[in-house]
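Notes to accompany the following structure.
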Amino acid sequence: MANNSYSGVKNSVAEPNHEGEFGCSLKELRGLMELRGTEGIRKIQETYADVNGLCSRLKTSPVDGLSGQPADLEKRTIVFGQNFIPPKKPKTFLQLVWEALQDVTLIILEVAAIVSLGLSFYRPPEADNCGEGTGGVEDEGESEAGWIEGAAILLSVICVVLVTAFNDWSKEKQFRGLQSRIEQEQKFTVVRGGQVIQIPVAEIVVGDIAQIKYGDLLPADGVLIQGNDLKIDESSLTGESDHVKKTLEKDPMLLSGTHVMEGSGKMLVTAVGVNSQTGIIFTLLGAGGEDDEDEEKEEKKKEKEDRLNLSSIIYFTLILDIWRYLKSKAQDGAAMEMQPLNSDEGADAEEKRKANLPKKEKSVLQGKLTKLAVQIGKAGLVMSAITVIILVVLFIVNTFWVQGLAWEKSCTPIYIQFFVKFFIIGVTVLVVAVPEGLPLAVTISLAYSVKKMMKDNNLVRHLDACETMGNATAICSDKTGTLTMNRMTVVQAYIADKHYRRVPEPEVIPGSIMDLLVLGISVNCAYTTKIMSPEKEGGLPRQVGNKTECALLGFVLDLKKDYQPIRNEIPEEKLYKVYTFNSVRKSMSTVLKNPDGSFRMFSKGASEILLKKCYKILTATGEAKVFRPRDRDDMVKKVIEPMASEGLRTICLAYRDFPASDGEPDWENESDILTSLTCLCVVGIEDPVRPEVPDAIRKCQRAGITVRMVTGDNINTARAIATKCGILQPGDDFLCLEGKEFNRRIRNEKGEIEQERIDKIWPKLRVLARSSPTDKHTLVKGIIDSTVIEQRQVVAVTGDGTNDGPALKKADVGFAMGIAGTDVAKEASDIILTDDNFSSIVKAVMWGRNVYDSISKFLQFQLTVNIVAVIVAFTGACITQDSPLKAVQMLWVNLIMDTFASLALATEPPTESLLLRKPYGRNKPLISRTMMKNILGHGVYQLTIIFTLLFAGERMFDIDSGRNAPLHAPPSEHYTIVFNTFVMMQLFNEINARKIHGERNVFDGIFNNMIFCSIVFGTFVIQIVIVQFGGKPFSCVGLSIEQWLWCVFLGFGCLLWGQVISSIPTSRLKFLKTAGHGTQKEEIPDEELEDMEDLDEIDHAERELRRGQILWFRGLNRIQTQIRVVNAFRSSLSPYEGLEKPESRSSIHNFMTHPEFRIEDSEPHIPLIDDTDAEDDAPTKRNATPTPPPPPSPNQNNNAVDSGVHLFLDNNSSKPATPSAPASPMHSLETSL
């Protein structure tokens, strides 16, 4: 990696006085970590003799680690840096204010207000002959107040901007908080002062001895000191998906950001933070704040282009901003990631195969919302244009035709004032019509849910998961730790020909067997697994590490023996060979070398698998007798099946001796090694069902969600636990299958998986036992792709192991275990269960459904206001040539119904009743027929009241009419009553909007949501202040108590009318239509699907926004792009003219990314990763490039990078990068070249 010479040392202050204390410098260590394999070994041997020499130079012990003294740790941090990569600076509040000001509608309003302000200060000489609409305007005092309307509009614009900016700012803060919370959760095991302790990743320093095991994500660079069967996935750094075997002899270099896929070991930490390999690359990407100035310039350039592209989609800048944020910073500007350019034919075949795979559909809810918002926006635009045209035409006809006046020069400013007033009315209609509160409601609802879900032990990594969980129809759950307590204890044993129903007394076991048993368990369990004293007096002992191994160590303690002295005598370094547990072996073996040159191997594993490899068994005398297949069948029937039917997990312990006379066996030939074993004993391990699980599963079943158990345990144990949990009921005809049988049933004669065969099995399947990770992935994929049932299945999956990665990625929502889960599983998941408990999944379902309902409530409220306000403004303007609701009043109504209502309705807490209905499914429209009935019903009531007040109000209240008032006339009581009644109706209708399924009691649980109560009360108080003291700016006059009571009474009528509406059965109203359907996958045009081929998922929200952009700007994009590309290639000054420099590149790939999951036996290669981390600030990867990241020097690679679409021109490859998405400004880069 030539680029590593690029210095990231700025971030670590190297102080020369400390540097001399260590035998090697920061630069030296960085140089060492750039080497790979044999080069690294040679360098270590030349410079330090061996790894121990490097340890002594770094003043650390390979056995006891660092002393752990604060002074020493601080010194190391100063010299070698901290294990922390500084994130990009967040946007400041002022930047967010500036962004909010870019909103097209707000700009129009600002311009109109400024023009209105300017004209109000202009005094025409005399305006007697300018028509009756303008004459006798106002007395002196009134003319002074002409500026107020313009100023008030500007003030309301400032309010809207500040509210928007504050929302964005708090959202950014929440995301950063979530990010740091995820980072803090990550701990790592190190040895300090001879003690094995867990510390946060940020506290790791150079010289630490770290223990690494299967499933870890390495937090720093290091050199291997001791390893057992260690295999690493380095695809995130090198792009090579093959697992790399790490040994002291061949390749001891371990790199940060890579995943341990197998085995365990110890490493010496040699580089941390910005000096580690990942850190260096992040620094090159500008994450460490190195190239901030360049980056800001580039960003500004990009923003300008974005703005140009979006200016035509009236008013959707705000929506796009918020959605972009939800799409995460990594994807800003529809960034597409670099794709590998393999020149071999295999790549084409893979592309084709990838294109045929069903894509994961993302942000379905947001897609529906965007589509709805675009439709409403268009309608609003049309209405506002018609309003302005009608007002202008009426004014011109009335003044110049009916009154027959000529256009006088002196009257021009007055006429212009009228036109500006009409224009402001038009813009106001648009402001009210466009539901910019929609994305705000989604954001608030999701952010609020995410925050609250933390308390319910759900750490949400991707916001979309929150919404998807509400639609879940199936949950495939692990057994161990999720449904059970993951606190394992040995309760039965078969030792020396006898089946003990409880742990036997030590005296009854022959001494020779006892010694073998204790030695075997002590050395053949990971040394990271141990049993600690309880935290509280009288509590249960703490189990640290693998829980099955903890049970075996506990068994040793129950036999009144201790494993620790044996481990002290035989430390991990003395173990001759270790075959670690993996999903293929289903066993673990450790080889010890005896002083006489012979070897002894201890094995443990699943009983039915290991017993097949035993040919002897120890008897009561301690002698070994022959163990025939017939004896094995007897044992399975009499010992293993009875244990399993009680829900116990059965483990077989065995050993084998290799005599010295036979010479050293070939350890790589596993099938010869793991055979001819002697069985020591079989133990039954109990893992009790969590007490709250049966109830949680009942709730799921009632809510229409099918729970399936997928486990590696044997079928009898699985069936027993499933019955205890309530997954299986006595008398049900559901299927329980083993992995082998499942595979046999779903594959055809050629061994290929057929969807039709899966469709015959999955609806009835409830338990899949002895399943491999591939089986789990196949099942999940089969259920998701199935079309047997009309409603497409939405599947949630739980997983904890590295091998669960593919299934977690494939699922609609992946849950990883926070306690037992490996880093790889967490990385692949959408939600992390911090307590590993199944009942937390039920909470996630409740929150997911609640998000959906909250948004529907908000929609029901918003659309009622929209319809009424637009019709009132439109008809009022056409009939009275003035909008009954003034611009400032409209902006206030807009504030109530957008910001406040989204806060009030989006923060309703979930209730148990949400679990009493079936899942909505993907195709359900946002606005159901019941909601449509409510919207239209309340619209009719409100319009009736408003028009009655507008045209007969002056007679009812015996006041002056406010209609046909001259230009700067003072506010009238008449129009104040109209405005006040309108707001009161919205306030009471907000209470109605709390229920969307036709419930009668709208007050149910209203006091559980204090935010709602305070917002309704607060709005009411502000309304009183506006009406009584708002005066000219708000076009209001103080009202009497009697008038107030009438306004409130008419508003309260909304609640009574709501009861009338809910009495009308929806089924009778055949004319009602639903609205807010998402686009189905089938409806997407072919050419768009082709454009999406290189994406792993269909993002409906992005798609809807893109379509708008495509319609308006495909042509312009093309021209812009071509000009830019031509300039870039024509320029002789620099290859980067007109294009971004590679240093400021926004993404190569995410170096802390998910490992490349490979599924061996189902399909040759399934691209399982869809990388859109909703809150990872780090850049993301699609497919890792086979070459290392390109160096920053311009002469080696010519990288044309723009808007995140990378063009990779390699010497040996003429093929351009994968086509970008249709909306990106580089859409037609290929054609231009």
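For region 802-829 versus region 22-71, the spacing of their alpha-carbon centroids is 34 Å. Using C-alpha pairs under 8 Å with a sequence gap of at least 6, the mean separation divided by the residue count of region 736-800 gives a relative contact order of 33 percent. Accessible area of residue 1026 (1.4 Å probe, protein heavy atoms only, ligands and nucleic acids ignored): about 10 Å².
The residues of region 756-905 present an accessible area of 20 Å² per residue when probed at 1.4 Å with all protein chains retained.
Charge tally around residue 1073: other residues with Cβ under 12 Å, Lys/Arg +1 each, Asp/Glu -1 each, net +3. In region 481-578, the portion of solvent-accessible area held by carbon and sulfur atoms comes to 52 percent [1.4 Å probe, whole percent, DNA, RNA and ligands not counted]. Here the calculated FRET efficiency for residue 1049 and residue 1009, from their Cβ-Cβ distance with R0 = 25 Å, stands at 0.45, rounded to the nearest 0.05. Kindly identify region 795-929 as rounded, prolate or oblate by the Cα gyration tensor criterion: order the square roots of the eigenvalues as a ≥ b ≥ c, call it rounded if a/c is under 1.5, otherwise compare a/b with b/c, prolate if a/b is larger, else oblate. Verdict is prolate for region 795-929.
Between residue 628 and residue 454, the modelled label-to-label distance comes to 6.6 nm, taking each label 7 Å out from Cα in the direction of the beta carbon.
Here the spin labels are modelled as points 7 Å beyond Cα on the Cα-Cβ line, and at residue 944 and residue 406 they lie 5.4 nm apart. Looking at region 621-681, which chymotrypsin sites (Phe, Trp or Tyr not before Pro) are in a loop (DSSP not H, G, I, E or B) and have at most 12 other Cβ atoms within 10 Å? Filter output for region 621-681: empty list. Can you bin region 850-901 into rounded, prolate or oblate? Criterion: square roots of the alpha carbon gyration tensor eigenvalues sorted a ≥ b ≥ c, rounded for a/c under 1.5, prolate for a/b above b/c, oblate for the rest. Oblate is the answer for region 850-901, as a/c is 1.5 or above yet b/c matches or exceeds a/b. Computed 3J(HN,Hα) for region 41-48, one whole-Hz value per residue from the Karplus formula 6.51 cos²θ - 1.76 cosθ + 1.60 where θ = phi - 60°, is 4, 4, 4, 5, 5, 5, 8, 10, glycine and proline marked x.
For region 26-99, what does the alpha-carbon gyration tensor say about shape, rounded, prolate or oblate, given a ≥ b ≥ c as the root eigenvalues, a/c under 1.5 as rounded, and a/b over b/c as prolate?
Note, shape of region 26-99 comes out oblate.
Mean separation of Cα pairs under 8 Å and 6 or more residues apart, divided by the residue count, gives region 469-557 a relative contact order of 27 percent.
Do any trypsin sites (Lys or Arg not before Pro) in region 686-774 lie in a DSSP loop with no more than 12 other beta carbon atoms within 10 Å, and if so, which? List each step's numbers first, then the result.
Details: sites: 698, 699, 702, 708, 719, 724, 740, 744, 745, 747, 750, 757, 760, 764, 766, 770; in loops: 750, 764, 770.
Those satisfying the criteria are 750, 764.
Of the trypsin sites (Lys or Arg not before Pro) in region 198-265, the ones in a loop by DSSP (not H, G, I, E or B) with at most 16 other beta carbons within 10 Å are 250. Expressed as a whole percent, the accessible surface of region 930-1065 that belongs to carbon and sulfur atoms is 69, based on a 1.4 Å probe. Estimated from the Cβ-Cβ distance and a Förster radius of 56 angstrom, the FRET efficiency linking residue 47 and residue 95 is about 0.70. Per residue, region 480-548 exposes an accessible area of 47 Å² to a 1.4 Å probe, with every protein chain left in place. As a length-normalised measure over Cα pairs under 8 Å and 6 or more apart, the relative contact order of region 686-744 settles at 33 percent.
How high is the FRET efficiency from residue 240 to residue 386, r the C-beta distance, R0 56 Å, rounded to 0.05?
For R0 = 56 Å, the calculated efficiency reads 0.35.
Which of the residue pairs 368/886; 88/213; 371/776; 245/586 have a Cα-Cα distance greater than 28 Å in the structure shown? Too far apart for the 28 Å limit: 368/886; 88/213; 371/776.
The values are calculated or read from the model by the stated rules, or taken from the named source; none is laboratory data. These numbers come from a predicted model, not from an experiment. Backbone-built Cβ (ideal geometry, glycine too); neighbour counts: all protein chains shown. Heads up: the accessible areas ignore ligands, DNA and RNA and are worked out on the full protein's heavy atoms, side chains in. Shrake-Rupley method; radii C 1.70, N 1.55, O 1.52, S 1.80 Å.
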